[in-house]
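Encoded as structure tokens, the structure appears first; notes follow it.
The values are calculated or read from the model by the stated rules, or taken from the named source; none is laboratory data. The structure displayed is predicted, hence computed values, not measured ones. No Cβ is skipped: glycine too gets one built from the backbone with ideal geometry, and neighbour counts run over all protein chains shown. Heavy atoms of the whole protein, side chains included, go into the accessibility calculation; ligands, DNA and RNA do not. Shrake-Rupley method; radii C 1.70, N 1.55, O 1.52, S 1.80 Å.
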Amino acid sequence: MENFRKVRSEEAPAGNGAEGGGPSSGPFADLAPGAVHMRVKEGSKIRNLLAFATASMAQPSTRAIVFSGCGRATTKTVTCAEILKRRLAGLHQVTRLRYRSVREVWQSLPPGPTPGQTPGEPAASLSVLKNVPGLAILLSKDALDPRQPGYQPPNSHPGPSSPPTAPTAKRSLREPAAGEGTAKRSQPESGAGNEDRTA
């Protein structure tokens with residue numbers, strides 16, 4: 001592919017729609033009209049997404065939010081949903097996995113024509129069809145059907161899962177920590193260092 005450059009990338013038409021359909025339908029067909037849809041992209045900043053999502057979910061009229069991302073943005077999608085679940089306790093979650101077909105069109109680079117190509121002929125193009133994994137996570141304040149696949153009940157213990165550690169006492173920078181000695185490094189004698197250099 002070093003002799004080609006990507007010209008465009010477009011979403012291929014959806015097949016049967018059983019795993020999420022097109023970009024407008026989404027994987028959750030029975031959402032309330034006031035639900036917020038956050039499309040996470042590879043270059044999205046997590047702090048910006050979470051600031052908007054937290055402000056939206058703080059409004060009483062917003063009952064659900066959907067984070068969706070595909071390809072390289074799937075890990076960022078999961079991160080956003082997990083952080084929001086920790087910030088707002090009692091959210092029900094449903095996760096759906098889907099695949100999107102993306103068609104990439106590549107053209108050969110102009111410096112040299114391919115063998116057998118006349119100079120007036122257009123550059124050779126290549127079309128690649130990729131199945132890109134996508135993830136959609138629904139977080140809802142209202143109870144959801146626990147029998148549906150991908151359901152997770154609200155976390156009963158908000159906060160980190162590790163047990164809290166004992167608080168540590170603060171110390172000044174000049175004070176040694178417990179167990180540290182006050183021994184100084186041994187300094188070589190000035191005469192011994194010169195002898196080694198001449199040898």
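Local charge for Val7 was computed over the other residues whose Cβ lies under 14 Å away, with Lys and Arg +1 and Asp and Glu -1, and equals +2. One chain, two ends: Ser44 and Ala123. Fully extended at 0.36 nm per residue, the span grows by 25.0 nm beyond their Cα-Cα distance. Note on segment 18-102: with charges restricted to the Cβ of Lys and Arg (+1) and Asp and Glu (-1), its dipole about the Cα centre is near 300 debye. Taking a point 7 Å from the Cα of Glu11 along the Cα-to-Cβ direction, the residues of segment 80-104 with backbone N closer than 11 Å to it are 100-102.
Accessible area of Val36 (1.4 Å probe, protein heavy atoms only, ligands and nucleic acids ignored): about 30 Å².
Projected label points at Glu82 and Ala51, each 7 Å from Cα along the beta carbon direction, are separated by 2.3 nanometres. Expressed in nm to one decimal, what extension gain is obtained for the pair Ala29 and Val105 from 0.36 nm per residue of sequence separation less their Cα-Cα distance? That works out to 24.2 nm of additional length.
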